[in-house]
Amino acid sequence: CPQGFAMKRGIGAAMPRRPDELVAMVARVSAAIAPLPLTVKMRLHESVEITIDLLKRLIAEGGVAGITVHGRTWEQKGEKRGKCDWDAIKRIR
């Protein structure tokens with residue numbers, strides 16, 4: 001969630017800004033629901049490279065089984081929504 005209240009509280013789309021905490025939290029959830037698979041959805045981070053690095057960590061360290069990537073950054077919402085970054089999605093895939 002990229003809404004203002006979520007960003008101010010450090011939840012939702014703000015969580016990738018603290019990757020170590022995010023990966024640790026996801027790992028705890030993954031362990032708690034095992035053997036069920038954990039999937040996550042996230043927006044693009046500051047760059048495609050940072051997004052890819054975080055996704056790799058979520059899989060390797062967090063135990064994530066599936067990922068959906070929203071092709072926009074947290075800033076791209078409302079009137080500033082803009083277009084989906086399909087090139088970023090291709091690179092991540």
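Structure notes:
- Only one of T73, T51 that is surrounded by 14 or more Cβ atoms within 10 Å (Cβ to Cβ) and within 21 Å of K8 (Cβ to Cβ): T73
- Any chance R81 is open to solvent by 30 Å² or more (accessible area, probe 1.4 Å) and farther than 25 Å from A27 by Cβ: yes
- Of the residues making up segment 37-80, those that are among the polar types (S, T, N, Q) and at pLDDT below 90 number 3.
- Criterion applied to R81, R28, R43, R93 was being free of Cβ contacts under 8 Å to residues at least 12 places away in the same chain, under 20 Å from K8 (Cα atoms), of a type in the set (K, R) and out of contact with any Asp or Glu (no Cβ under 8 Å at 6 or more places or on another chain), and the one residue passing it is R81.
- Within segment 1-28, the set of residues being hydrophobic (A, V, I, L, M, F, W, C), modelled with pLDDT of 80 or more and open to solvent by 60 Å² or more (accessible area, probe 1.4 Å) comprises just one member, M25.
The values are calculated or read from the model by the stated rules, or taken from the named source; none is laboratory data. Quick caveat, the model's predicted, so the values are computed rather than measured. Every residue, glycine among them, receives a Cβ derived from its backbone with ideal geometry; neighbour counts consider all protein chains shown. Accessible surface areas use protein heavy atoms only, side chains included; no ligands, DNA or RNA. Shrake-Rupley method; radii C 1.70, N 1.55, O 1.52, S 1.80 Å.
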